[in-house]
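Take a look at the structure below.
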Amino acid sequence: MNRRSSWAIPYFIFMLIFVVLPLVMIMLYAFKDSNGSFSFSNIATFFQQKEAVNTLIYSIEIAIITTLLCLVIGYPAAYILSRKDLNRSAVTIVLFIMPMWINILVRTLATVALFDFGKIPLGEGALIFGMVYNFLPYMVYPIYNTLNKLDNSYVEAAQDLGANPIQQFVRVIIPLSKPGISSGVLMVFMPTISTFAISELLTMNKVKLFGTTIQENINNGLWNYGSALSLIMLVLIGVTTLLSYSGKGDEQSAGGLL
Amino acid sequence: MKKFLAQAYIWTLLLLLYAPIIIIMVFSFTESKVLGNWTGFSTKLYSNLFTVKESGTTFAVDTGELVVRSAPQGVSSSLFSAIENTLLIALVASIISTALGSVAAIGIFNLKGKKKQAMYFLNNIPMLNPDIITGISLFILFVAVGLTQGYATIILAHITFCTPYVVLCVMPKLIQMNPNTYEAALDLGATPLQAMWKVIVPHIRGGMVSGFLLSFTLSIDDFAVTLFTKGNEGLDTLSTYIYADARKGGLTPELRALSTIIFVIVLVSLTLINVYSIYSKRKNIKKQYWRYDKAS
């Protein structure tokens, strides 16, 4: 039986080459100057450029606002969908997931079309609106999943012990749905912080996000500087992941798409 | 009342979510270049989608004074090849991912302790990595190694971000499996390979199928990773084609028809999958009931 553990080896080697090595290379490039010697100059350049720093801060703001809006709008939806007495049909949940199967660029362009149609100016408001549009399903689905599996006897116990509906919700249901919330937050925050094309299309290049800054630098051949920027984003993502997984590590919640 | 409010909330959200898609669908039935401008019902965008325009150029016949300019019919061959590329890449990448991921899942399942944890951790990295980082890091790798970017690099990149999902789809099936069945097959004289093929594979088949489907959709949907790994030889998938198109200003009208078709395919297949799963659940219950009936 144990001999088959060696079956993990090809995948392990594959991951080393295509996941670990590229990340190590980003780090190496980030700490190299144009002559190829070790230096912190790329990171230093970033912190000296006011525009780039501001773009990063702005992107974080946008991502936080988008994530919060998705949570505020998505949680009630997930809650309603999970309650058998409020929603009996399985069709609605499928309807919520379905937009995820449509190419994100097509969805974005459709949103732009909607704004054009309603004569809504393309700008910051449109950007946030469009992002919430695009990423709402990613918030609803994981929360729905945890709420659906939630053992109803906890809620009944709270009821028996005299909790009113609001107390039940705040002190029992929300804490029990935390794994879903954290994976939903991750699944919305990650793409919004790192997006580049979507923001370009939604605002006709009026608003620039950090992802666009990275992409521009790489496209212009500034690989060392671009790598340094990527590294900064990587650190940001790492911190977010650690924060949201600091509770219980749930191996499978992050991939619970299908 | 409560139920009414809840339903109203859900359906308002859904209406908002689907509004852009509905607009695209409605305006796929009119010829106008600009979206939102209705110029009468027509299915020309659909018929255009299935006719390839001659080498993507408008051909003008110069007859002395008079220039007869024939209107371009059909879509450019570049859109056509973008669709082909998307499907081909998705198919190859998801087949390889499914194979690699299933084998890996069996391996990881049989690992213990720290090694298992390490593999889980490795497996999580590509899923948590933002697309842009995956794309850039692979781009740097390919450039450093000196690999010419094209089909091969896109497929390698797609395998990289698809395989972890296959592992996650197959793993629960392995955990649910009774390990004794494999041993029993060996005791009954099956070779390890036979036992593998006849016992383990049927057990994990469901996970492999959903891993394959997930990989396929992830690959078709991918944009950022493809953009960085496609090189600059003019190779495009649907995503990168749409991106380039949108940046040039305005979406090719035919893409409205294409999006509608894709959406309908997704709608139909999801409906079928759901109907099938409900049906097979019912059948299972019936079967169990029947067994119970016999036993008593």
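The values are calculated or read from the model by the stated rules, or taken from the named source; none is laboratory data. Quantities reported herein were computed from a predicted structural model and do not represent experimental measurements. All Cβ positions, glycine included, derive from the backbone under ideal geometry; neighbour counts span all protein chains shown.
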Answer yes if at least one residue in the stretch B:197-206 is crowded, with 16+ Cβ neighbours inside 10 Å, within 29 Å of A:P22 (Cα to Cα), out of contact with any His (no Cβ under 7 Å at 6 or more places or on another chain) and touching a residue at least 60 places away in the same chain (Cβ under 8 Å), and no otherwise.
no
Among the residues of the stretch B:138-155, write down those that are free of Cβ contacts under 8 Å to residues at least 60 places away in the same chain and part of a helix (DSSP H, G or I).
B:I140, B:L141, B:V143, B:A144, B:V145, B:A152
From the list B:G101, B:G135, pick out the single residue that is more than 8 Å from chain A (Cβ to nearest Cβ), of a type in the set (G, A, S), closer than 28 Å to A:M27 by Cα and in a helix (DSSP H, G or I).
B:G135
Unique residue being within 12 Å of another protein chain (Cβ to nearest Cβ), among the aliphatic types (A, V, I, L, M) and without any contact (Cβ under 8 Å) to a residue 60 or more places away in the chain when the list is B:A184, B:A244, B:A224, B:A190
B:A244
Quick one: which helices (runs of 4 or more DSSP H) lie wholly within the stretch A:40-97 and hold at least 2 residues that are modelled with pLDDT of 90 or more, within 14 Å of chain B (Cβ to nearest Cβ) and under 21 Å from the mean Cα position of the chain (by Cα)?
A:50-82
Filtered residues of the stretch A:1-57 (kept if over 22 Å from B:Y120 (Cα atoms) and of a type in the set (D, E, K, R))
A:K32, A:D33, A:K50, A:E51
Give the residues of the stretch A:1-39 that are part of a strand (DSSP E or B) and within 12 Å of another protein chain (Cβ to nearest Cβ), sorted by residue number.
A:K32
All but one of (1) within 14 Å of chain B (Cβ to nearest Cβ); (2) of a type in the set (V, I, T); (3) surrounded by fewer than 16 Cβ atoms within 10 Å (Cβ to Cβ) hold for A:I174; which doesn't?
(1)
Residues of the stretch B:39-73 being of a type in the set (F, W, Y) and modelled with pLDDT under 80, in sequence order, are B:F50, B:F59
Filter pass, A:T213 being at pLDDT 85 or above and within 13 Å of chain B (Cβ to nearest Cβ):
yes
Which residue is nearest to the other protein chains (Cβ to nearest Cβ), if the candidates are limited to the stretch A:193-207 and must be in a loop (DSSP other than H, G, I, E, B) and at pLDDT below 85?
A:F196
Restricting to helices (runs of 4 or more DSSP H) lying wholly in the stretch A:124-192: which have 1 or more residues that are touching a residue at least 24 places away in the same chain (Cβ under 8 Å) and more than 21 Å from the chain's Cα centre (by Cα)?
A:124-149
In the stretch B:104-113, which residues are within 7 Å of another protein chain (Cβ to nearest Cβ) and in a helix (DSSP H, G or I)?
B:A104, B:I106, B:G107, B:I108, B:N110
